[in-house]
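Following: one structure in structure tokens, then a few remarks.
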Amino acid sequence: PELKISPHFDQLLPQNVSAVRLTIRLIPLERHAHLRSSAAEIGSRLTRTLGVACSSKGGVLRGRASCTGGSLLRADAESERTLMVEGVKRNEAHEVAALLAAEPEVLWLEPVPHFFVMNSDAVNIVQSGSNPTGGGIGSTPIGTTPIWDMGIHGEDEIVGVADSGLDTGHCFFENAPDQTAAQQTYSAASRKVVSYRPFADNGATGLRDHGTHVTGSILGESSSTFATGSPAAARAGERGVAYKARVSFTDIGLGDANGLSVPNDLANNMFNVDYNAGARIHSNSWGASINAYTTYSAQVDEFSAENDDFVILFAAGNDGTEGPGSIGAPATAKNCITVGASENSNSGGQRRDGNMAVFSSQGPAGPTTAPRYKPDVAAPGFFVTSANSNADGAGECATTEMAGTSMATPVTAGAVALVRQYLREGFHPLGVKGASPSRTPSGALLKAMIINSAIDMQGTYQGQTITPVPSYVQGYGRIQLNRVLFDATGQKTPGDRVLIVDDPLKPIALTNDEHIFEIATAGTDAILGQQLKVTLVWTDPPAQPFQANVLVNDLDLVVESAGATQLGNGQKDVLNNVEQVTLPLPNTAVASHTIKVIGAQVRQGSQKYALVVSGPLQVTSPPPSPPHPPPPKPPAAPYAEAVVLGVSVPLLAIALGAGVSFVCIKRRRSAAARGRGYALQGAGNSYGGIPGWRTVNDPSSGQTYYVNLQTGAAQWEVPETAKAQANVPPPPPPPGQQTLPTGWSQGVDPGTGRTYFYNANTLQSQWVRPE
């Protein structure tokens, strides 16, 4: 039983309190229904066990203060996975835990820790960054808002927030000008607050309420942008990062209490509530000062794994002066985006753009024997101006400055909302709203996009030069959205700069499965420069609390370029579910790169993933014309399956039409079949030399269709201007390099780039070399 009790039990016990709560994690009912009763029945039985221990002669708790306080100890069901015991005297917590751990259905037991909050340049910084890139001495913010300029402000996005309270009567959140919090109603039709759940109490407390400030940073916008002379009108230019988004709010702050009242089961009593209200992003600027993978960390990973389209953010913590390993839980979870704080250039003193805030907590996350990279990214958090609560009564619209990773986290959450809107509204890969099918991004893709956007900060942290990415101080860098979100202006489309892979139907199925992508680059890019960046993220299943290495499914990122092999994070990584490779590129020469996603250890189910590749992608590689008849569809593969990138064949078509050139191979590599597999490759080419058109091979039917690069329109019919040239008989395929049987020759399929074989006498074509 002692192995069921957290080894960090004493660290988790709140200080300066007389009574504590104990969380009991039960064995999962889903997989052990034949072994255990319902949580309510187990709770009743444990309550009886506690009663006997308190009252019977010789009971192990007889006479203890926990049993004589006037109310009996109870084990109440929070969900089918969690029980809670309240009112345990702090100095008796070990004895009560030992008693409960002896029960067979108990999987894990730990105290509920004390959770604390972790307390206008930010809008510009996260969209366009600084000059020079990465900040440092003499740098200044560029000061532009290119993502807003595309018409992306958070429209139709709902962000979940759990915090101390929200002053819904503030002009940033009220339904109409000059209202009070008491006048607000909350529904899907509300201007800002679609749901307000009074879990702890029902409102903001006093001035400088933490929850009001962080929510304003995400999505605050004045209720009056036209009227003159009102406080609301005066604040019309002060906006959150995603100022057209709305919020589903969970109030976990109890009056002026020191700390927060956090639900005991985050997956089934917090995230799910905001998810059901429409939120697909959840921002949390709070945590406990313990660097461990706790029950709450596991709950974060649990909900992320069970709700693939949801992404959770947590503040890293403000314990950076405590040294390495100061990340607070639940920010230690694998699947969340953990955010550190950078300094703002206008924050006074010696603070400057490009520095990390001295208080921002440091990684690694977890024990030194299994150190994981956290934080994931950084964002401005010292100082940030946002909404001030309860300042003016009706019509209140005051703002105030605060500093902390609490401030950096909502800034990042707002940025995630802009990324999600960009993908959902079909901007990628053509750069025009609605030009491509709407995409429902996975949480892993949103995290990958945010991480891939980040730049390596060039400033200092606690007086020392910041360690290059990935590091335990800045993670993968400070976010900058204009490095992953592009419009259609200029000579390139977004598809020429960013390749996205996020297909839930094509996971890594088994250990040693391989997905391979061939990427070409050339020259430089005005924003991305001469760098290829590849980011791999996967949503890993939850691990057991306080496990040393919490990675369940291990994928590897491998990039082969110029005869060298680069591993994700610079080494064989068996700890992190984020891996990244960055490569400098030659100035003008076309270069080819092979990107592999490999199932190093797939221990539980199959593993979906998201891959983001950015750089000056090379997209022109027309293959030779095919002979008649066209090659057949690929036969069913006994050792592999063809893989289509993206969420659908139509999306693939448009991506290819926009000029994205890639190859993807999925291989199941066993000892018997290593090296064998079929490839589905895609490459657009000009049709008949007619500018503006490309031919694309539909991978589901094998038929060729045509995409107009200017309009994005796709059609099966040959373009009118090309029909004359289409009637010219194609040349015969070139002779094979190896001897083929009489009548056979080989060619290259223009839609897939694969070699096939053709018999001119029988008009038979096939993929397999004839014998």
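The values are calculated or read from the model by the stated rules, or taken from the named source; none is laboratory data. None of these values were measured; they are calculated from a predicted model. For neighbour counting, all protein chains shown are included, and Cβ atoms are generated from backbone atoms with ideal geometry for every residue, glycine included. Heads up: the accessible areas ignore ligands, DNA and RNA and are worked out on the full protein's heavy atoms, side chains in. Shrake-Rupley method; radii C 1.70, N 1.55, O 1.52, S 1.80 Å.
Quickly run through the stretch 218-253 and pick out the residues that are open to solvent by 10 Å² or more (accessible area, probe 1.4 Å), at pLDDT 80 or above and outside any strand (DSSP E or B).
Across the stretch 218-253, the qualifying residues are 221, 223, 239, 243, 244.
Go through the stretch 260-274 and report how many residues are closer than 28 Å to residue 241 by Cα and touching a strand residue (DSSP E or B) at 6+ places or on another chain (Cβ under 7 Å).
Looking only at that region, the number is 5.
Given the criterion buried (at least 23 other Cβ atoms within 10 Å of the Cβ), under 22 Å from the mean Cα position of the chain (by Cα) and at positive phi, identify the matching residue among 317, 340, 363, 328. Outline the logic, then answer.
Details: 340 fails: at positive phi; 363 fails: at positive phi; 328 fails: at positive phi.
Every option except 317 fails the conditions.
Could you please tell me which pairs satisfy a Cβ distance under 7 Å, a separation of 6+ or placement on different chains, a first residue in the stretch 174-188 that is more than 11 Å from residue 397 (Cα to Cα) and modelled with pLDDT of 90 or more, and a second residue that is open to solvent by less than 50 Å² (accessible area, probe 1.4 Å) and of a type in the set (Ser, Thr, Tyr)?
Taking only residues 6 or more apart or on different chains, the pairs are 175/190; 184/168; 186/195; 186/196.
Does residue 43 count as modelled with pLDDT under 90, out of contact with any Pro (no Cβ under 8 Å at 6 or more places or on another chain) and over 30 Å from residue 381 (Cα atoms)? Step through it out loud before you land on a result.
Working: modelled with pLDDT under 90: no; out of contact with any Pro (no Cβ under 8 Å at 6 or more places or on another chain): yes; over 30 Å from residue 381 (Cα atoms): yes.
Against the criterion (modelled with pLDDT under 90, out of contact with any Pro (no Cβ under 8 Å at 6 or more places or on another chain) and over 30 Å from residue 381 (Cα atoms)), residue 43 does not qualify.
Which pairs do you get when a residue that is farther than 24 Å from residue 562 by Cα, found in the stretch 497-526, comes within reach of a residue that is polar (S, T, N, Q) and surrounded by 22 or more Cβ atoms within 10 Å (Cβ to Cβ), reach meaning Cβ atoms under 6 angstrom, with the pair 6+ apart or on two chains?
Pairs that qualify, where the first residue is farther than 24 Å from residue 562 by Cα and the partner is polar (S, T, N, Q) and surrounded by 22 or more Cβ atoms within 10 Å (Cβ to Cβ), are 502/442; 507/607; 508/607.
Scan the stretch 561-597 for residues that are assigned to a strand (DSSP E or B) and more than 20 Å from the chain's Cα centre (by Cα) and report the count.
Start the filter on the stretch 561-597 by keeping residues that are assigned to a strand (DSSP E or B), which leaves 561, 564-567, 578-584, 591-597.
Filter once more, so that each one left must be more than 20 Å from the chain's Cα centre (by Cα): 561, 564-567, 583-584, 591-596.
Residues meeting the conditions: 13.
What number of residues in the stretch 477-519 are in a strand (DSSP E or B), out of contact with any Phe, Trp or Tyr (no Cβ under 8 Å at 6 or more places or on another chain), more than 11 Å from residue 428 (Cβ to Cβ) and of a type in the set (Val, Ile, Thr)?
We begin by selecting, within the stretch 477-519, every residue in a strand (DSSP E or B); these are 478, 498-501, 508, 513-519.
Add one more test, that the residue is out of contact with any Phe, Trp or Tyr (no Cβ under 8 Å at 6 or more places or on another chain), and what stays is 478, 500, 513-516.
Checking the rest, the ones that are also more than 11 Å from residue 428 (Cβ to Cβ) come to 478, 513-516.
Narrowing the set further to residues that are of a type in the set (Val, Ile, Thr) leaves 516.
Within the stretch 477-519, residues that are in a strand (DSSP E or B), out of contact with any Phe, Trp or Tyr (no Cβ under 8 Å at 6 or more places or on another chain), more than 11 Å from residue 428 (Cβ to Cβ) and of a type in the set (Val, Ile, Thr) number 1.
Which of (1) in contact with a strand residue (DSSP E or B) (Cβ under 8 Å, 6 or more places away or on another chain); (2) buried (at least 24 other Cβ atoms within 10 Å of the Cβ); (3) at pLDDT 95 or above; (4) part of a loop (DSSP other than H, G, I, E, B) does residue 170 not meet, given it meets every other one?
All conditions pass for residue 170, except number (3).
Failed condition for residue 546, given (1) at pLDDT 95 or above; (2) in a loop (DSSP other than H, G, I, E, B); (3) crowded, with 19+ Cβ neighbours inside 10 Å, with all others met?
The one condition residue 546 does not meet is (1).
Filter the stretch 266-321 for residues that are within 19 Å of residue 158 (Cα to Cα) and part of a strand (DSSP E or B) and give the result.
If the condition is that a residue be within 19 Å of residue 158 (Cα to Cα) and part of a strand (DSSP E or B), then 281, 282, 283, 284, 311, 312, 313, 314 are the ones that fit.
Report yes if residue 62 is part of a helix (DSSP H, G or I) and of a type in the set (Lys, Arg), otherwise no. Outline the logic, then answer.
Details: part of a helix (DSSP H, G or I): no; of a type in the set (Lys, Arg): yes.
Here the answer is no, as residue 62 does not meet what is asked.
Return the residues of the stretch 1-19 that are outside any loop (DSSP other than H, G, I, E, B), among the aliphatic types (A, V, I, L, M) and either within 14 Å of residue 545 (Cα to Cα) or within 34 Å of the chain's Cα centre (by Cα) (or both); say none if nothing qualifies. Walk me through how you get there before you give the answer.
Taking the stretch 1-19 and keeping what is outside any loop (DSSP other than H, G, I, E, B), we get 2-5, 9-12, 19.
Add one more test, that the residue is among the aliphatic types (A, V, I, L, M), and what stays is 3, 5, 12, 19.
Listed by number, the residues that qualify are 3, 5, 12.
Can we say residue 534 is over 27 Å from residue 437 (Cβ atoms), touching a His at 6+ places or on another chain (Cβ under 9 Å) and open to solvent by less than 10 Å² (accessible area, probe 1.4 Å)? Write out each step before concluding.
Details: over 27 Å from residue 437 (Cβ atoms): no; touching a His at 6+ places or on another chain (Cβ under 9 Å): yes; open to solvent by less than 10 Å² (accessible area, probe 1.4 Å): yes.
Spelling it out, it is not the case that residue 534 is over 27 Å from residue 437 (Cβ atoms), touching a His at 6+ places or on another chain (Cβ under 9 Å) and open to solvent by less than 10 Å² (accessible area, probe 1.4 Å).
In the stretch 142-167, how many residues are β-branched (Val, Ile, Thr) and touching a strand residue (DSSP E or B) at 6+ places or on another chain (Cβ under 8 Å)? Don't jump to the end; show me each part of the working.
Pass one, the stretch 142-167, residues β-branched (Val, Ile, Thr): 142, 144-145, 147, 152, 158-159, 161.
Now restrict to residues that are touching a strand residue (DSSP E or B) at 6+ places or on another chain (Cβ under 8 Å): 142, 158-159, 161.
The qualifying residues number 4.
Of all residues in the stretch 426-463, which are surrounded by fewer than 24 Cβ atoms within 10 Å (Cβ to Cβ), assigned to a loop (DSSP other than H, G, I, E, B), over 19 Å from the mean Cα position of the chain (by Cα) and of a type in the set (S, T, N, Q)?
458, 462
Tally the residues that are at pLDDT below 75 and in contact with a helix residue (DSSP H, G or I) (Cβ under 9 Å, 6 or more places away or on another chain), restricting the search to the stretch 103-130.
Start the filter on the stretch 103-130 by keeping residues that are at pLDDT below 75, which leaves 115-121.
Then keep just the ones that are in contact with a helix residue (DSSP H, G or I) (Cβ under 9 Å, 6 or more places away or on another chain); that gives 115, 117-119.
Result for the stretch 103-130: 4.
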